[in-house]
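J.: My questions all concern the structure below.
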Amino acid sequence: MTSLVVLLTLPLVAALAVLALPERRREPLGLLTVAIGLVAALTLAASVWRSGPVLLTLGGWTPPLGIALRADGLAVALILMSALVMSAVALAARFEMRATRVGPRAAFGFWVLMALLWGALNAVYVSRDLFNLYVGIELLSLAAVALVALSGTAKALAAALRYMIFALVGSVLYLAGVVLTYAAHGVLDIGLLAARMPAESDALALGLMTAGLLAKTALFPFHVWLPTAHAAAPAPASALLSALVPKASFLILIRLWFEAMPDLASSAAVMMLAVLGSIAVIWGGVLALVQSRLKLIVAYSTVAQLGYLFLIFPLAGGGGSVQPWSAGAWTGAMFLALSHGLAKAAMFLAAGICIAAVGSDRLGDLRGLVRHLPMTVAALALAAITLAGLPPSGGFTAKYLLMTSALAAGQWPLALVLVGGGLLAAAYLYRPMAALFAREARIAPRPVPRIWQAVPLTLAASAILLGLFSATPFDLLQIGRPEPAEEGL
């Protein structure tokens, strides 16, 4: 419980402290914060592993009078993945976000916004109240929009404005659904809503909340803000925006559909989500295939990879009967969220190193970099293995579980989407790898410290280890798993 309190309060206290401290103290404070947060995340994970979900009622008041926080296996897995990504981003920011490199304003703002974003993520992971989730997702969106605008260029401000419009529309839709839910039932706690008497407005409320969260998750066709945001943001900010920010809104969707209102999961509704996810896989892959910049390839890859997550809904049921393959589909989607977070953060951080070395992320300018940046290219290669779903990565484990669930359910179209998406991923990730492994370099790169190169390599290797040692995270995800995740919606 102490670890949970630390994870919720430490980032917010650190953000306030960064505002007050002189410039030379900000970076050490940021590094100390992520170190303490990583230890707290490991401690909380060990506690949940030994004793089951950790429940914290604020002020000792239980719902509906009070607010409950709950760290189950899924929440702890996301907390731990976020702590690893935050630690890597903080280490990379020591080099990439220095005031001498990006200017004093961006260097100052990055550490504040990173801490606020981390605190919001942790709050979303463990919250059980729909309005608290709204507060957390709003703080997350505000920090993410500011990270996009960090450089202050016209391009960055335009991308941040587009992102903000989508985020605000999503917030309004989600809040409207929360209001309808409270008007019908007088409670917002997820556990109490699961035991509610159905109301006529429930379907509309769930639809509004889902639509709002889809905009924040950047699912097709609400994805148009994401590529421009990544292109404009610094590489450490892009790592956070891709690896972590969409996972928060996706987790709220999982809480709504699998815990709060699983009885509303009709076949038509879950299939609609799967269709949007399938289009995202193909559309994102095709657009990634035609890009000429590394960051845009990785950004459109995010659109495609997020689409896979929504295949969980039809594979986990929707017909009202027990589905023996549902547990595999649910766990596969969660595995994919974890492996994608690690691999995509590694890719963006590696892209930042390439930009620092040659001043560009255009594929033609990256030719032959393997001779000068072997660790960075190794990180990109390992991350590409994960995103393409090749063994022995965590991405392979995730897609294997989803594929076996699709075949067991007789969902051949979804199985074809998984295969087609994997082939597209291999094709669009081959292009930057071919450039990096070219014989002749077009631009003589500037030297990059090896410790900086080791950061994305460690993250990419973690995504591989997630597949090699999948038994432990697999068991962790089952702790506190909702019943519909096991038997079907």
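J.: If you check ALA17, ALA68, which single one turns out to be modelled with pLDDT under 90, surrounded by 13 or more Cβ atoms within 10 Å (Cβ to Cβ) and within 27 Å of PRO473 (Cβ to Cβ)? Even if it seems obvious, please write down each step before you answer.
T.: Numbers: ALA17 fails: within 27 Å of PRO473 (Cβ to Cβ).
Step by step, each of ALA17, ALA68 is checked, and only ALA68 is modelled with pLDDT under 90, surrounded by 13 or more Cβ atoms within 10 Å (Cβ to Cβ) and within 27 Å of PRO473 (Cβ to Cβ).
J.: Would you confirm whether any residue within the stretch 289-307 is in contact with a Pro (Cβ under 7 Å, 6 or more places away or on another chain) and at pLDDT below 90?
T.: no
J.: Still on this structure, please answer the following. Within the stretch 300-308, identify whether any single residue is under 26 Å from THR181 (Cβ atoms) and touching a residue at least 60 places away in the same chain (Cβ under 8 Å), and answer yes or no.
T.: So far as the stretch 300-308 goes, yes, one or more of its residues are under 26 Å from THR181 (Cβ atoms) and touching a residue at least 60 places away in the same chain (Cβ under 8 Å).
J.: Among the listed residues ILE355, ILE385, which satisfies the condition of being among the β-branched types (Val, Ile, Thr), in contact (Cβ under 8 Å) with a residue 24 or more places away in the chain and within 30 Å of VAL102 (Cα to Cα)?
T.: On the way: ILE385 fails: within 30 Å of VAL102 (Cα to Cα).
Selected residue: ILE355, the only one of ILE355, ILE385 that is among the β-branched types (Val, Ile, Thr), in contact (Cβ under 8 Å) with a residue 24 or more places away in the chain and within 30 Å of VAL102 (Cα to Cα).
J.: It is to be established whether one or more residues within the stretch 113-135 are in contact with a Phe, Trp or Tyr (Cβ under 8 Å, 6 or more places away or on another chain) and at pLDDT below 90.
T.: No - not one qualifying residue is present in the stretch 113-135.
J.: Tell me yes or no: at least one residue of the stretch 408-421 is within 17 Å of LEU294 (Cβ to Cβ) and within 20 Å of the chain's Cα centre (by Cα).
T.: No: zero hits.
J.: In the list LEU369, LEU363, which residue meets the criterion of being of a type outside the set (Gly, Ala, Ser) and buried (at least 24 other Cβ atoms within 10 Å of the Cβ)?
T.: LEU369
J.: Moving on to the next point. Kindly list the number of the only condition in (1) more than 30 Å from GLY191 (Cβ to Cβ); (2) assigned to a helix (DSSP H, G or I) that fails for LEU206.
T.: (1)
J.: Yes or no: the stretch 391-406 includes at least one residue that is part of a helix (DSSP H, G or I), farther than 16 Å from LEU306 by Cα and small (Gly, Ala, Ser).
T.: For the stretch 391-406, residues part of a helix (DSSP H, G or I), farther than 16 Å from LEU306 by Cα and small (Gly, Ala, Ser): present.
J.: Only one of ARG50, ARG25, ARG101 is part of a helix (DSSP H, G or I), at pLDDT 90 or above, surrounded by fewer than 14 Cβ atoms within 10 Å (Cβ to Cβ) and among the basic types (Lys, Arg). Can you tell me which?
T.: Of the residues listed, the single one that is part of a helix (DSSP H, G or I), at pLDDT 90 or above, surrounded by fewer than 14 Cβ atoms within 10 Å (Cβ to Cβ) and among the basic types (Lys, Arg) is ARG50.
J.: Another question, then. In the stretch 434-454, is there at least one residue being in contact with a Phe, Trp or Tyr (Cβ under 8 Å, 6 or more places away or on another chain), surrounded by 20 or more Cβ atoms within 10 Å (Cβ to Cβ), under 21 Å from THR302 (Cβ atoms) and at pLDDT 90 or above?
T.: No - not one qualifying residue is present in the stretch 434-454.
J.: Filter the stretch 392-423 down to residues that are touching a helix residue (DSSP H, G or I) at 6+ places or on another chain (Cβ under 7 Å) and surrounded by fewer than 18 Cβ atoms within 10 Å (Cβ to Cβ) and give me whichever is farthest from ILE312 (Cα to Cα).
T.: Looking at the filtered set, the residue picked out is PRO392.
J.: Based on this model, can you work out whether ALA379 counts as of a type outside the set (Asp, Glu), assigned to a helix (DSSP H, G or I) and in contact with a Pro (Cβ under 7 Å, 6 or more places away or on another chain)?
T.: The answer is yes for ALA379.
J.: Any residue at all in the stretch 107-128 that is over 22 Å from the mean Cα position of the chain (by Cα) and part of a helix (DSSP H, G or I)? Don't jump to the end; show me each part of the working.
T.: Step one: filter the stretch 107-128 for residues over 22 Å from the mean Cα position of the chain (by Cα), giving 107-108.
If we keep only those that are part of a helix (DSSP H, G or I) as well, we get 107-108.
There is at least one residue in the stretch 107-128 that is over 22 Å from the mean Cα position of the chain (by Cα) and part of a helix (DSSP H, G or I).
Here is a yes/no grid of residues against (1) under 26 Å from PRO221 (Cβ atoms); (2) in contact (Cβ under 8 Å) with a residue 24 or more places away in the chain; (3) crowded, with 19+ Cβ neighbours inside 10 Å:
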| residue | (1), (2), (3) |
| --- | --- |
| SER141 | yes, yes, yes |
| LEU150 | no, yes, yes |
| THR153 | no, yes, no |
| LEU161 | yes, no, no |
| HIS185 | no, no, yes |
| ILE190 | no, yes, yes |
| ARG196 | no, no, no |
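J.: Take the conditions touching a helix residue (DSSP H, G or I) at 6+ places or on another chain (Cβ under 8 Å) and of a type in the set (A, V, I, L, M, F, W, C) and apply them to LEU429. Does it pass?
T.: yes
J.: Right, here's the next one. Here are some conditions: (1) among the polar types (S, T, N, Q); (2) in contact (Cβ under 8 Å) with a residue 40 or more places away in the chain; (3) over 12 Å from SER3 (Cα atoms); (4) surrounded by fewer than 24 Cβ atoms within 10 Å (Cβ to Cβ). SER82 meets all but one. Which one does it not meet?
T.: Among (1) among the polar types (S, T, N, Q); (2) in contact (Cβ under 8 Å) with a residue 40 or more places away in the chain; (3) over 12 Å from SER3 (Cα atoms); (4) surrounded by fewer than 24 Cβ atoms within 10 Å (Cβ to Cβ), the lone unmet condition for SER82 is (4).
J.: Just one of (1) surrounded by fewer than 19 Cβ atoms within 10 Å (Cβ to Cβ); (2) without any contact (Cβ under 8 Å) to a residue 40 or more places away in the chain; (3) under 29 Å from TRP283 (Cβ atoms) trips up LEU208, so point out which.
T.: The one condition LEU208 does not meet is (1).
J.: For the stretch 49-73, which residues satisfy the criterion of being touching a Pro at 6+ places or on another chain (Cβ under 9 Å), in contact (Cβ under 8 Å) with a residue 60 or more places away in the chain and not basic (Lys, Arg)? Steps first, answer last, please.
T.: Filtering the stretch 49-73 for residues touching a Pro at 6+ places or on another chain (Cβ under 9 Å) gives 57, 70-73.
If we keep only those that are in contact (Cβ under 8 Å) with a residue 60 or more places away in the chain too, we end up with 70-73.
Within the stretch 49-73, ALA71, ASP72, GLY73 qualify.
J.: Let me ask another. Got a number for residues in the stretch 462-479 being small (Gly, Ala, Ser) and surrounded by fewer than 19 Cβ atoms within 10 Å (Cβ to Cβ)?
T.: 1
J.: Take ALA268 and tell me if it is surrounded by 24 or more Cβ atoms within 10 Å (Cβ to Cβ), of a type in the set (A, V, I, L, M, F, W, C) and over 30 Å from SER87 (Cα atoms).
T.: Taking the combined requirement at face value, the residue does not satisfy it.
J.: To continue, here is another question. Just one of SER278, SER339, SER321 is more than 27 Å from LEU80 (Cβ to Cβ), modelled with pLDDT of 90 or more and among the small types (Gly, Ala, Ser); which is it? Step through it out loud before you land on a result.
T.: Details: SER339 fails: more than 27 Å from LEU80 (Cβ to Cβ); SER321 fails: modelled with pLDDT of 90 or more.
After applying the criteria, what remains is SER278.
J.: I've got another one for you. Which of the residues spanning the stretch 350-372 are touching a helix residue (DSSP H, G or I) at 6+ places or on another chain (Cβ under 6 Å), over 18 Å from TYR300 (Cβ atoms) and not charged (D, E, K, R)?
T.: Correct list: ILE353, VAL358, LEU369, VAL370.
The values are calculated or read from the model by the stated rules, or taken from the named source; none is laboratory data. Only a predicted model underlies this, so the values are computations on that prediction, with no experimental measurement involved. Methodologically, a virtual Cβ is constructed for each residue, glycine included, from the backbone with ideal geometry; neighbour enumeration extends over all protein chains shown.
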